[in-house]
1. Please compute the modelled spin-label separation between residue B:78 and residue A:303, points set 7 Å along Cα→Cβ, answer in nm with one decimal.
2. Taking a label point 7 Å from the Cα of residue B:33 along the Cα→Cβ vector, which residues of region A:71-109 have an amide N closer than 11 Å to it?
3. So what's region C:240-345 giving for Rg/Rh, alpha carbon basis, Kirkwood Rh from the mean inverse pair distance?
4. Place a label point 7 angstrom from the Cα of residue A:123 along the Cα-to-Cβ direction, then list the residues of region A:173-201 whose backbone nitrogen is under 20 Å away.
5. Just from its helices, what would the mean residue ellipticity at 222 nm be for the protein assembly as shown, if runs of 4 or more DSSP H residues each count -39500 (n - 2.57) and the sum is divided by every residue, rounded to the nearest 500 deg cm²/dmol?
6. Would you please give the FRET efficiency between residue B:155 and residue A:31, computed as 1/(1 + (r/R0)^6) with r the Cβ-Cβ distance and R0 = 35 Å, to the nearest 0.05?
7. On average, how many beta carbons from a partner chain sit within 10 Å of the beta carbon of a residue in A:244-250?
8. What is the distance, in nm, between label points placed 7 Å from the Cα along the Cα-to-Cβ direction at residue C:101 and at residue C:57?
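Please treat every number below as a calculation from the coordinates, not as lab data. Worth saying up front: this structure is predicted, and the values here are computed from it rather than measured. Every residue, glycine as well, gets a Cβ built from its backbone with ideal geometry; the counts of neighbours run over all protein chains shown.
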């Protein structure tokens, strides 16, 4: 009644041995194929990213003509220089301030775009992303012109209100402001786009439930939007901190680090010393200072990704 | 049954906001602020256009900078007929197209292998790819410069001051993120599609070319656009690695040649900057959705 | 066409054994359904036959050849997936012909096969559309077309109807049966729905926790379940299980349903159970259709008793009634005009000719 058949031995096993070997070969082939496919990527990264990073460590221990090994001599030299500490301070202030404003503005603008009917969103999104699309070198030139000491269009407009001409790039504090302003102008659209995408993924029903529970607009943001967007906010902020910290184009073109080194950040000062000054090891030492800070940020990002992966 | 009204209960005057009125006010504020931000975003490029239409004379006469009184296309004509400028444009175009091709050739197979073919170390490699994106070019430019100089001395192959050296370094900027984008798109293809292809008899390569690439085409386009935009806008690496005028790409070329000493020919500079910004802007205008998809690929799929 | 044999097939993932040594013989042209709850190992078994999963131990043979290490494309099988797995960028015709094009079949032959399959599945007007323009039922047909066109030795179906709504499912069941009549390919079909299993299969394989509980024709499984699991799994509404015990009363074998209700067993049953321990704790299995309203002239083996109903579910052509016997909820089926009301009393009759007795501990049917 219960049909479990037991088959008498008539299985052809001769073919089986041959077929087992071919499967092993096939498996090997899959790993081999996969490895080959990723090989160019691995080579690229090892040769042109990892190796140079370590090489710069080695370079930083050489003297200017790169003949002698001087250990930590370059670093000792830097620590004694006032400009170095200025650069450290400026880099940190620049990165943190710029990122905070970029995130804030991006968040606010994303909300406004999200509020208007869907049909119009595309248009506005298009206009607001333009700063990000223009190559930063080109748009910084425009700002340079807008800030020009003699012909500044901003000063022209301000003068009609009686406000005196502002030395956008001439005065140390105004120069710092200008650099941050241009960076925020350039980077806020990126945040806006990311936050907008994330906003759209928050289910409407959560807002509706909160509204019925009596939450006003501020409470809705605090209790519904922000928690749902926590991951995106963390990742974009960390990413931007790293990218802003390592920024070169804007400062170089706008102020070239001036006036009197008061807008120099790691990248521009390293360029000044290493390429323009011809002292590659010293320049490498300067760049290397970015590394600990970047490493800390990277650890935070990794932890966040893993956490998010586990949550999902 | 007659309904009774309890007259002894205290009555509250309840004020109801009109929902539609709240909505219109919210909309008005939204549009107001959006306009402000839009102005903020568009002022610099618009100013570039305005200035590019001015003659040097008008610029130095310090009339209202926001208005063109005597528009002229002289700046455009000069630049577009200048061999030097055209050379810059050509170099940029050449470099960008080559870099895009190299990038896609490296990224797509790597992304496919990492997303689909589970092999030893694939998870670490994927995270590793992501992390290298965090080692900025501003850290690497000095050692790379020294490396290439040393290589040139060793082998006699000149790597400094040649535009093709950029083909070697640019991919370090584009490949990690493009791989990341493609991994996201490939991973979102349902696994059953692979299995159906396997049962239909496709090899790994056939599965990639005949199924994955067509289905993930939007991702491919987004990655291509990203790679192109990054290549076109590069400033630091070309500044370091190329110095002779005929080897320069556009961003570096404009800045180093149009600024001669203390005389800034702003009309031409703005025109040059505008022309330099044109290709990414045009791509953006036509393919905005792919552009944005490339950016947000990390957000929505990561 | 070919037969499929599984011998002591085992599948282990790290420490978990998903499939624990199953033996199965599927004859050529047979339609076999693997059915069971989620996690019972039926899909894993199917995927091992397909070659999408490696076999930890044991052998699988298709057409007499051991295929353990043969890659899927060389096994000459075709598979229909739960989510259709149609290539979204290809038209219906391209989807169906993909496998053939990879093997470089001549164009004329491909066209003939596609036309034939399309006609069989009634999708001729759809051949130039893309999957996103098709409804769920149409997509499933295209998926079947893709399988038919390959003319394989075995068809494998992995829960193909689970994504369709109820009405469509009934329709597609009929389609699948019709196709099988025409094409007669050996088929292994996996589902968690016992109705599909009963209506489609030549033989049904009931699986649970990685093992086979019973193999048999639908009728065999329905009327002669071997284990409690099979008895409770097959048939809807499910079989009722009541604790009971046997006792000899006045020379006849009686079964005690509760402390107060005992019924004499009809002679056929009495002979069968005569060696079972009296007063041993047993389970009585009774299908709902064997608990009906009491009729005026009861037939032999049918005993009547009074019950108070908890809930009634009028289904139109019958009414399902639910009542309790010493804490166990029982389901019965009465005719719609039997006067069954929520909370009302009703005189019911049980048909003891069709009763099953189970060992409570082992779950085996006696």
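1. 5.7 nm
2. A:105-109
3. On the way: Rg = 14.8 Å, Rh = 14.9 Å.
Reported Rg/Rh (Cα atoms, Kirkwood Rh): 0.99.
4. Those under the cut-off are A:193.
5. Values: 38 runs with 519 residues, N = 980.
Per the formula, -17000 deg cm²/dmol.
6. Values: r = 34 Å, r/R0 = 0.98.
After rounding, the FRET efficiency stands at 0.55.
7. Details: counts 0, 2, 7, 3, 8, 8, 1.
Per-residue shielding by partner chains comes out at 4.
8. Inter-label distance under the simple model: 4.5 nm.
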